[in-house]
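Notes for the one structure printed next.
The values are calculated or read from the model by the stated rules, or taken from the named source; none is laboratory data. None of these values were measured; they are calculated from a predicted model. Cβ coordinates were reconstructed from backbone atoms using ideal geometry, including for glycine residues, and neighbour counts include every protein chain displayed.
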Amino acid sequence: MSQSPLPIHLDLAIIGGGVAGLWLANRAKRAGFSIALFEAKALGSEQTLASQGMIHGGMKYTLAGALTGASEAIAEMPKHWRACLCGEGDVDLRHTRILSDHFFMWSGDDLGSKLTGFLASKITRGRVEPVHQDRRPPLLRHKDFTGSLYRLEDIVIDAPSLVANLALNVKSHCFQIDWSQAKLHKNAEGKVSLRIDTPEQPLEIHAQRFVFTAGKGNAELLQQLGLASPAMQLRPLQQVMVKHHHPFDFYGHCLGQESTPRLTISSHRLPDGAQVWYLGGSLAEKGAGMTPDDLIEQAKQELGELIPWVNLEGAEWATLPIARAEPLQPGLLRPDNAFIAHAEGASNLLVGWPTKLTLAPNLANQALDLLGDAGITQSHNNINLHQYLPYAELAKTPWELAFPPAMSAEEALALRFREPDDEDDQQ
Ligand SMILES: Cc1cc2nc3c(=O)[nH]c(=O)nc-3n(C[C@H](O)[C@H](O)[C@H](O)COP(=O)(O)OP(=O)(O)OC[C@H]3O[C@@H](n4cnc5c(N)ncnc54)[C@H](O)[C@@H]3O)c2cc1C
């Protein structure tokens, strides 16, 4: 293309539209920065819509014993999210569905006393309470349930509605990027820019700061620029999905002998109302290298041992291989906090991983602090790039993709409005 590129000047160009990029876009827009977010697939793809939606205060990370850095850093997050969900926080989440205002922790007999002793110390902090027999969730209200059960005052949010809500708040700022038509550049002073060859007009995007929030895509973006730091680690998982006929939902962790929960269950609805249990925890960590069939067999065994009274006959099963993307830690340890830092070798580039959905607000806080420290102020007007680029769409959930509806919405509608004559024709 010989046309000279149109220079576009922004305060922030965010690359990657998961919870990290979208949350930061919300905060930056509210703070008056001019922003554009560029998404390669669809908003919420990869980890965000694959998450279990648990906004936790870090309690499960303290199971090993003492409070760790992780539990201290994360402890305030549920309160922060609650304020946002009520429209009183730094991001307006009034359109985000809350799937549950609590979740459970339970353990079998063998671990009961350890759990009881440990959680008893937390009860005074008002975040955990033992559940009396007659207050149990329907799933565990069975005469054969003999474990200990606790209720945590943390929340579970519906990730698709979260993504839709965050996207709605910044709706004219999220664009689809096709990397076969786009390229990142770095000049001799280490300044990053982005060239996009749109059908109408080549664009050259300049920004006071580029921010990579592309999850596992961050490594590839850095590579495009010949940069290697900050480095990334991947923690592979394979989640299990069960579409079943059990009428009740459930959100909770079953504890085993290890510090990672033996099984984490969250419940999600398909568009046709059918229910899916989404299974993670140690099952998904250990199952990362298994074949889907072996892992499904393992999941059936686990559920058979833990809740044998639930009849899963006729259930449909699927798995989702997915990796958590995090900043590199010594010994592949879990990072304690959201991470965002300047890329080494570039003067206007930040790279971040929230490490947990829960910590997205924390990542945005850190990012805005870094902008403030660098003296970056609101300097450019917002420009809507929609005349050149399509808006980014919302991604589908893993369960919608695994269990597609038997018929499309159009077919279902056609069936409802079928004339009696049509039926006669077919007889
Ligand atoms: C199975 C699972 C369960 C989880 N459950 C929980 C939970 O219950 N609670 C919790 O707090 N955390 C949970 N997490 C962690 C949480 O989901 C992640 O930490 C968080 O979603 C990461 O968000 P992100 O925006 O950094 O990355 P992602 O959600 O991975 O988003 C990255 C986005 O960038 C886009 N992208 C990638 N490459 C490019 C590119 N080159 N150009 C443009 N765009 C690009 C992707 O398409 C995607 O939209 C879970 C994670 C997994 C995998």
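Can you find even one residue in the stretch 249-259 that is surrounded by fewer than 16 Cβ atoms within 10 Å (Cβ to Cβ), in a strand (DSSP E or B) and in contact (Cβ under 8 Å) with a residue 24 or more places away in the chain? Steps first, please.
First, pick out the residues of the stretch 249-259 that are surrounded by fewer than 16 Cβ atoms within 10 Å (Cβ to Cβ): 257-259.
Subset that is in a strand (DSSP E or B): none.
Checked the stretch 249-259: no residue is surrounded by fewer than 16 Cβ atoms within 10 Å (Cβ to Cβ), in a strand (DSSP E or B) and in contact (Cβ under 8 Å) with a residue 24 or more places away in the chain.
Could you list all residues from the stretch 289-315 that are surrounded by fewer than 16 Cβ atoms within 10 Å (Cβ to Cβ) and among the small types (G, A, S)?
G289, G304, G314 - these are the residues of the stretch 289-315 that are surrounded by fewer than 16 Cβ atoms within 10 Å (Cβ to Cβ) and among the small types (G, A, S).
Out of all the residues in the stretch 136-166, which are in a strand (DSSP E or B) and of a type in the set (V, I, T)? Steps first, please.
Applying the first criterion (in a strand (DSSP E or B)) to the stretch 136-166 yields 148-152, 155-157.
The answer is I155, V156, I157.
Here are R141, R94, R135, R82: which of them is over 18 Å from P261 (Cα atoms) and either within 16 Å of the ligand (Cβ to nearest atom) or modelled with pLDDT under 90 (or both)?
Values: R141 fails: either within 16 Å of the ligand (Cβ to nearest atom) or modelled with pLDDT under 90 (or both); R94 fails: either within 16 Å of the ligand (Cβ to nearest atom) or modelled with pLDDT under 90 (or both); R135 fails: either within 16 Å of the ligand (Cβ to nearest atom) or modelled with pLDDT under 90 (or both).
Being over 18 Å from P261 (Cα atoms) and either within 16 Å of the ligand (Cβ to nearest atom) or modelled with pLDDT under 90 (or both) holds for just one of R141, R94, R135, R82, which is R82.
Of everything in the stretch 14-34, what is under 16 Å from I196 (Cα atoms) and either in a loop (DSSP other than H, G, I, E, B) or touching a His at 6+ places or on another chain (Cβ under 8 Å) (or both)? Give them in sequence order. Break it down stepwise before answering.
At the first step, the residues of the stretch 14-34 found to be under 16 Å from I196 (Cα atoms) are 14-16.
The answer is G16, and nothing else.
Which of the residues that make up the stretch 276-299 are without any contact (Cβ under 8 Å) to a residue 40 or more places away in the chain and either under 18 Å from F104 (Cα atoms) or of a type outside the set (D, E, K, R) (or both)?
Narrowing the stretch 276-299 to residues without any contact (Cβ under 8 Å) to a residue 40 or more places away in the chain: 277, 281-282, 286, 291, 293-294, 297-298.
If the condition is that a residue be without any contact (Cβ under 8 Å) to a residue 40 or more places away in the chain and either under 18 Å from F104 (Cα atoms) or of a type outside the set (D, E, K, R) (or both), then W277, G281, S282, T291, Q298 are the ones that fit.
Would you be able to say whether some residue in the stretch 42-53 is more than 7 Å from the ligand (Cβ to nearest atom), crowded, with 24+ Cβ neighbours inside 10 Å, modelled with pLDDT of 95 or more and under 14 Å from the mean Cα position of the chain (by Cα)?
Yes, the conditions are met somewhere in the stretch 42-53.
Filter the stretch 266-275 for residues that are without any contact (Cβ under 8 Å) to a residue 40 or more places away in the chain and part of a strand (DSSP E or B); which is surrounded by the fewest Cβ atoms within 10 Å (Cβ to Cβ)?
Going residue by residue through the stretch 266-275, those that are without any contact (Cβ under 8 Å) to a residue 40 or more places away in the chain are 269, 273, 275.
Still in the running and part of a strand (DSSP E or B): 269, 275.
On the way: R269: 15, Q275: 17.
Step by step, filter the stretch 266-275, then rank; the result is R269.
Would you please name the residue that is surrounded by the fewest Cβ atoms within 10 Å (Cβ to Cβ), looking only at residues in the stretch 389-405 that are more than 17 Å from K41 (Cα to Cα) and touching a residue at least 40 places away in the same chain (Cβ under 8 Å)? So that I can check it myself, show each step before the final result.
Here is the first cut: in the stretch 389-405, the residues more than 17 Å from K41 (Cα to Cα) are 399, 402-405.
Next cut, touching a residue at least 40 places away in the same chain (Cβ under 8 Å) only: 399, 402-403, 405.
Details: W399: 25, A402: 17, F403: 20, P405: 13.
By that ranking, first place goes to P405.
With respect to D369, determine if the residue is surrounded by fewer than 19 Cβ atoms within 10 Å (Cβ to Cβ), under 26 Å from the mean Cα position of the chain (by Cα) and closer than 30 Å to G89 by Cα.
yes
Regarding the stretch 354-369, can at least one residue be identified that is among the β-branched types (V, I, T) and closer than 30 Å to G256 by Cβ? Full working, then the answer.
Step one: filter the stretch 354-369 for residues among the β-branched types (V, I, T), giving 355, 358.
Filter again for closer than 30 Å to G256 by Cβ, leaving 355, 358.
Checking the stretch 354-369: at least one residue is among the β-branched types (V, I, T) and closer than 30 Å to G256 by Cβ.
When you go through (1) at pLDDT 95 or above; (2) surrounded by fewer than 21 Cβ atoms within 10 Å (Cβ to Cβ); (3) closer than 28 Å to E326 by Cβ one by one for E189, which number turns out not to apply?
(3)
Filter the stretch 316-354 down to residues that are small (G, A, S) and either crowded, with 19+ Cβ neighbours inside 10 Å or in contact with a helix residue (DSSP H, G or I) (Cβ under 6 Å, 6 or more places away or on another chain) (or both) and give me whichever is nearest to A367 (Cα to Cα).
Step one: filter the stretch 316-354 for residues small (G, A, S), giving 318, 323, 325, 331, 338, 341, 343, 345-347, 352.
Pick out the ones that are also either crowded, with 19+ Cβ neighbours inside 10 Å or in contact with a helix residue (DSSP H, G or I) (Cβ under 6 Å, 6 or more places away or on another chain) (or both) and you get 318, 325, 338, 343, 346, 352.
Numbers: A318: 37, A325: 18, A338: 10, A343: 13, A346: 16, G352: 8 Å.
Of everything passing the filter in the stretch 316-354, G352 is nearest to A367 (Cα to Cα).
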